[in-house]
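Before any comments, here is the structure.
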Amino acid sequence: MAGGFSVSASPGTEFEAKITPIVIISCIMAATGGLMFGYDVGISGGVTSMDDFLREFFPKVLKKKHEDKESNYCKYDNQGLQLFTSSLYLAGLTATFFASYTTRRLGRRLTMLIAGVFFIVGVIFNGAAQNLAMLIVGRILLGCGVGFANQAVPLFLSEIAPTRIRGGLNILFQLNVTIGILFANLVNYGTAKIHPWGWRLSLSLAGIPAGLLTLGALFVVDTPNSLIERGRLEEGKAVLKRIRGTDNVEPEFNEIVEASRVAQAVKHPFRNLLQRRNRPQLVIAVLLQIFQQFTGINAIMFYAPVLFNTLGFKSDASLYSAVITGAVNVLSTLVSVYSVDRVGRRMLLLEAGVQMFLSQVAIAVVLGIKVTDRSDNLGHGWAILVVVMVCTFVSSFAWSWGPLGWLIPSETFPLETRSAGQSVTVCVNLLFTFVIAQAFLSMLCHLKYAIFAFFSAWVVVMSLFVLFFLPETKNVPIEEMTERVWKQHWFWKRFMDGDNHHIVHGAGKINGTNGAAV
Ligand code: BGC
């Protein structure tokens, strides 16, 4: 019971698919969209703790930072400064609605290209910023890039991957996110020593991931699902043969054609998303995003340098600590790439729930006892303990909520609502990322150490949700989720009654109508 339902592809229902070089290369290229997202996430914390940057754009914060009388927890509590970080997410969430249209109508590949162009222009504005306005405009353009990229990349990966390694390939996106964050942390570590324009270099080096994504988008082929959805059946079939490394693609092709026939009938994708039979995927996608952000991960990702500074580390040591957490983040994501199609999604999320909870409680206790408003003398031993706990927290996030927050929604929506569903996913993700970015420094100032207790309570809630309501999607072909997952789940199956948009599958999946469509 309790969503413990697990499906393993029984022999005979799995489509023939080799793991071809073209699939691997396409996925690696597409996943560079994650690099850019990660770089943007990681760069702002370090930049906003650089004096040269503050002097230029936020002189008030600089003054406060060097005054002793301010409470430790409140040094960086400035709305303008938080806006610099958060404007990107606000722009991104708006962009996702346009991105839903382009992924559907223009395809996954062109949407990635659009993202690349936004990124490049955004980077130019940021690197050359002469005033706060230019800085914010640059962040907004980057945000648009994130909106388009995060929409198209996870879908692209889930659709192009052979079922049995779909999870692993999809997580390449998150792997790139974490590499982007780490790269940004390393860059900040170096540029903090370059006065007075180090921050400019930090912001400009985002050009590297931006360029990679643009190049990647020029070279990859679009997914068969997207080609077929846009009526390019022959091309879709040819691509399917190429990426699967076999001529025997009829069963999979027919299933996509059928899914796309259903998708074609949908005139209003967003309205359709609200229908009862799409409720389970919608609820899960939305909640997963909210939960992902309420793990508190971005409190660490955005503000690790600031946080470590608050704890009494000197500037250099704080960046150093951020680099450590960044590396842990990347390495732990690899654990997920390896295990997600083996142990499954639920197992990773549940284990991580326990680990995250324990680490956060430990951090709250140490800070509660050791860091008071005026004294930031954490002591060497305690400081190390906090860094270690931050690392165990980050590592468990990195093999669970980080990648799975993106993977699960991208693989559970049927083709008919996939673009709209993904855009809601990205939108909710960015909305809550924005909320955390905008509120964290003020929350830190008011809640102090209890902020970690706050997040740990959320971890309990989300773990219970996973336990009871999240079905296992490991090894289920992407166009068969309705039949094999939702209709079998103890709770969600009640939403599947009267499902007239029946997607035929299994041995008899190629019925007469489909044959005619080919
Ligand atoms: C989240 C980001 C987060 C990152 C950390 C992603 O999955 O969406 O908000 O910063 O993971 O690695």
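Distances longer than 42 Å among the Cα atoms of the chain: what percent of all pairs is that?
18 percent
Nearest 500 deg cm²/dmol is fine: what mean residue ellipticity at 222 nm does the chain get from its DSSP H runs of n ≥ 4 alone, each adding -39,500 (n - 2.57), divided by its residue count?
Estimated from H runs of four or more residues: -24000 deg cm²/dmol.
Based on a Kirkwood Rh over C-alpha pairs, give the Stokes-Einstein translational diffusion coefficient of segment 184-280 at 10 °C and viscosity 1.306 mPa s in µm²/s.
Stokes-Einstein gives a translational diffusion coefficient of 91 µm²/s.
With 10 angstrom as the radius, rank 23, 354 by how many other C-beta atoms surround their C-beta, starting from the fewest.
The order, fewest Cβ neighbours first, is 354, 23.
Please identify the cysteines of the chain that lack any partner cysteine with a Cβ under 4.7 Å from their own Cβ.
By the Cβ distance rule, which asks for a partner under 4.7 Å, the isolated cysteines are 27, 144, 391, 427.
How much net charge surrounds residue 299 when only other residues with a Cβ under 15 Å from its Cβ are counted (Lys, Arg +1; Asp, Glu -1)?
So the environment of residue 299 carries a net charge of 0.
If a/c stays under 1.5 just call it rounded; otherwise compare a/b with b/c (prolate if a/b is bigger, oblate if not). Do that for segment 116-196, with a ≥ b ≥ c from the square roots of the Cα gyration tensor eigenvalues.
Oblate shape, in that a/c is at least 1.5 and b/c is the bigger or equal ratio.
Please identify the DSSP H helices in the chain that span no less than 24 Å along the helix axis (Cα) and have a mean Kyte-Doolittle hydropathy of -1.0 or more.
Flagged H segments are 21-48, 79-105, 108-127, 132-160, 166-191, 315-339, 345-370, 380-398, 415-447, 450-469.
Suppose each label sits 7 Å from its Cα in the direction of the beta carbon; what would the residue 193-residue 488 distance come out to in nanometres?
5.6 nm
No lab work stands behind these numbers, since they all come straight from the coordinates. A quick note: this is a predicted structure, and the numbers were derived from the prediction, not measured. Cβ atoms come from the backbone with ideal geometry, glycine included; neighbour counts cover every protein chain shown.
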